[in-house]
Structure formats: structure tokens, C-alpha cells
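The structure appears right after this line, and notes come after that.
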Amino acid sequence: MALRAVGLVAAAVPAPDAILGSFIGIAALIRSVSFQEGRLLEEAMIAIGRRNPDLVVLGGGVRLPVTPAALEAVAHNRSGALKGLSLDADAKARSTYAPDIVTVNRRYRSALVIDVKRSLASYLATHRLSELKTRMLAASLILPDWLYKEKKRLAVDSVGIAIVDGSSGTSDHEAGLWSLAEIDDLLEVDGAASAMMLMRERFAARVQELIEAEMLRLARPLVEAEAREEARSGGASDATTGHDDRGADCGDGDEFAPAPAIAGADDGADRAGARGNDFHGRSNRSSATASTASAPSRSERLIRFGFAQPRLHA
């Protein structure tokens with residue numbers, strides 16, 4: 001997976017740039033890395049999440065409407081207070097939100113809307129993070145009805161959102177922010193974080209090799225030109241020395257000497273007390289694992305919404 005991403009980075013074709021000039025190759029590599037790394041993190045999380053037999057993992061292709069009613073509900077209610085509210089997935093909307101990953105835990109009848117960022121550094125100092133969370137929360141109100149209609153009546157009782165910081169620099173579960181190092185609890189797959197870190201290290205090493213090779217390619221003409229200049233300077237010095245021997249009227253030989261060079265120029269889900277990402281923690285396991293047939297009608301179900309929470313162990 002990482003090798004394929006490196007291949008895509010290497011295949012990036014730079015467009016001519018009047019400012020960057022011959023350095024456009026390095027810029028193209030860096031721009032491609034930013035995109036491919038995000039895709040790599042998403043694909044790896046999807047693959048790891050599918051190792052949990054309780055999870056239904058959905059990647060690209062999920063597009064949820066962000067309706068005015070959903071935005072208004074989020075704006076006027078604190079997270080976790082939107083109990084019993086599920087909006088129509090067929091409602092018309094001016095905009096949509098496409099999650100990077102959606103997971104559904106069939107054991108706990110809970111769902112997660114996950115957005116993966118290679119880094120949150122550019123989000124934290126702006127309003128972009130708040131806008132992203134608002135859109136994700138609004139889309140999460142639509143998700144239960146969308147799952148029921150589009151995924152063979154797959155029912156959930158809780159929906160949470162999680163923004164994963166791929167740089168592992170940010171963690172605030174109360175605000176829906178998760179470090180990449182914490183995804184063992186998010187996906188409920190032991191070793192998920194270490195596997196992601198190892199994959200990222202391999203990706204980084206290969207990318208740095210590509211950048212180093214491009215830098216050497218750019219430096220080679222400069223080195224060759226310097227070598228030619230040194231060769232010409234040496235030849236001129238030899239010729240001048242021969243001229244000095246022809247007659248005394250040529251003057252002092254020091255006048256023709258070259259100038260000196262200037263220096264410096266899962267098993268955890270079965271442990272007692274484990275509750276998974278069900279966001280309520282009050283219902284017992286038997287009710288969480290009840291079949292869809294025994295569940296109350298859609299109009300009577302209480303669906304809880306909020307931020308993803310870590311699993312708890314006794």
C-alpha cells in the first residue's frame with residue numbers, strides 16, 4: 001500500500017512555473033506527498049478497521065446531505081442533547097458532506113463518521129475546524145436514516161464523529177479530535193496505531209529518497225559547470241606562465257597570476273466493562289446486541305449523537 005503511494009508520488013508530472021523554474025520538480029513531489037499521504041492514511045484505516053469482525057467499514061462513496069434543519073439542530077443543541085432526532089436522508093440540501101470513513105459497530109449498534117487529516121496544524125488557528133465539525137455533526141443526523149435505507153436496514157442507536165490528526169499532534173476527545181496514535185480505541189483493533197506508524201515511516205523514507213534524488217539531479221549541472229570553470233582557469237594559468245618566459249619586457253609575472261579564490265563564497269471488546277463507541281454507556285450489552293427484528297420501530301427509537309469516546313476497560 002505504501003509502495004503504491006510512493007509510486008504515485010514519483011509519477012507526479014510538474015507543470016511549468018515561471019517562479020519556481022527548475023525547482024518545480026521538488027515542489028511537485030511535495031504537493032503530491034500532501035495528497036497521497038492523506039489517501040494512504042484513509043486506505044490503511046479502512047483495511048485495519050475491517051479486521052474487526054464487528055465493524056462494517058464504508059470508505060468513499062458515502063455522501064450525506066447537509067440540510068438547513070440539521071445545521072439548525074446542531075447550532076441550537078449541545079453535543080449529546082440531540083436524542084431521538086433522526087433526519088430524512090432524502091431531504092433536499094444545497095450542500096453535502098462526504099466522510100472519509102464510516103464505521104458501524106453491529107455489536108453496539110453504533111456508528112462513527114471519521115475525517116482523516118494528515119495534519120491539523122492549518123486548522124487549529126482558523127475557523128475551518130469549527131466549520132468541519134459542524135458539517136460532520138449535521139451529517140451524522142442524516143446517517144441513521146441513510147444506513148437504514150441504503151444498507152439493507154442497518155440500524156444504529158448512536159452516531160459519533162471523530163477527526164483524526166495524522167501527525168499525532170492533537171488529541172481532545174471531548175471536541176472530537178483523535179491522535180493517530182489512539183486509533184486502537186477508535187477502531188477497536190489492537191495494534192492499529194503501531195501498524196499505521198510503521199507504514200508511515202516506510203512511506204516517509206521512500207519519499208525522502210525521491211526528494212534527495214531530485215536535488216542531486218538539479219545540483220549535477222552546477223557541479224559540472226564548476227569543474228569546467230576550474231579546468232579553464234588552470235589552463236589559462238599554464239598558458240600565461242609560458243608567455244612570461246618569452247622576454248623580459250613582458251613585465252613581472254605576478255601581474256598575470258590568476259586571482260586567489262575567495263573562501264566561503266477485539267479481544268478488548270469482550271473484556272468486562274468494555275462498551276465500545278456507543279456514546280451512552282448506560283445500556284447493558286444484551287440490549288446493545290439485540291437483533292434488528294426485536295428493536296422498536298424507527299419512529300420510537302432513541303438515537304444519540306455526539307463525539308466519539310474511547311472504549312473503557314474494567
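The values are calculated or read from the model by the stated rules, or taken from the named source; none is laboratory data. In this text the structure is predicted, and so the values were computed from the model without any measurement. Cβ coordinates were reconstructed from backbone atoms using ideal geometry, including for glycine residues, and neighbour counts include every protein chain displayed. These accessible areas exclude ligands, DNA and RNA; they are computed on the full protein's heavy atoms, side chains included. Shrake-Rupley method; radii C 1.70, N 1.55, O 1.52, S 1.80 Å.
Observations on the model:
- Value of relative contact order over the range 1-71, rounded to a whole percent, pairs C-alpha under 8 Å and six or more apart: 27
- The phi torsions of the range 120-134, fed into the Karplus equation with coefficients 6.51, -1.76 and 1.60 and a -60° offset, translate into couplings of 9, 4, 7, 8, 5, 8, 10, 7, 5, 5, 5, 5, 5, 5, 5 Hz, rounded to whole numbers, with Gly and Pro shown as x.
- Interchain or long-range residues, amide H under 5 Å from PHE305's placed H: GLY80, LEU82, VAL159
- The LEU198 and ALA75 beta-carbon pair, evaluated with R₀ = 35 Å, returns a calculated FRET efficiency of approximately 0.25.
- Separation of the ALA231 and SER34 label points, Cα + 7 Å toward Cβ, nm: 4.2
- In this structure, the amide hydrogen of VAL66, modeled 1.01 Å from its nitrogen in the peptide plane, lies closer than 5 angstrom to those of SER95, THR96, TYR97, counting only residues at least 5 positions away or on a different chain.
- For the range 180-194, the Karplus equation 6.51 cos²θ - 1.76 cosθ + 1.60, evaluated at θ = phi - 60°, returns couplings of 4, 6, 10, 6, 4, 6, 5, 8, 6, 10, 5, x, 4, 5, 5 Hz by residue, with Gly and Pro reported as x.
- Phi angles across the range 160-171 convert, under the Karplus curve 6.51 cos²θ - 1.76 cosθ + 1.60 with θ = phi - 60°, into 3J(HN,Hα) values of x, 10, 8, 9, 9, 8, x, 7, 6, x, 9, 8 Hz, Gly and Pro given as x.
- Share of carbon and sulfur in the accessible area of the range 93-143 stands at 47%, probe radius 1.4 Å.
- Solvent-accessible surface of the range 69-167, taken per residue with a 1.4 Å probe and all protein chains present: 45 Å².
- Global geometry of the range 41-131, whether rounded, prolate or oblate, following the gyration tensor of its Cα atoms and the 1.5 cut on a/c: oblate
- Amide H within-cut-off set for VAL164, under 5 Å, with H built and near neighbours excluded: ASP115, VAL116, LYS117, TRP178
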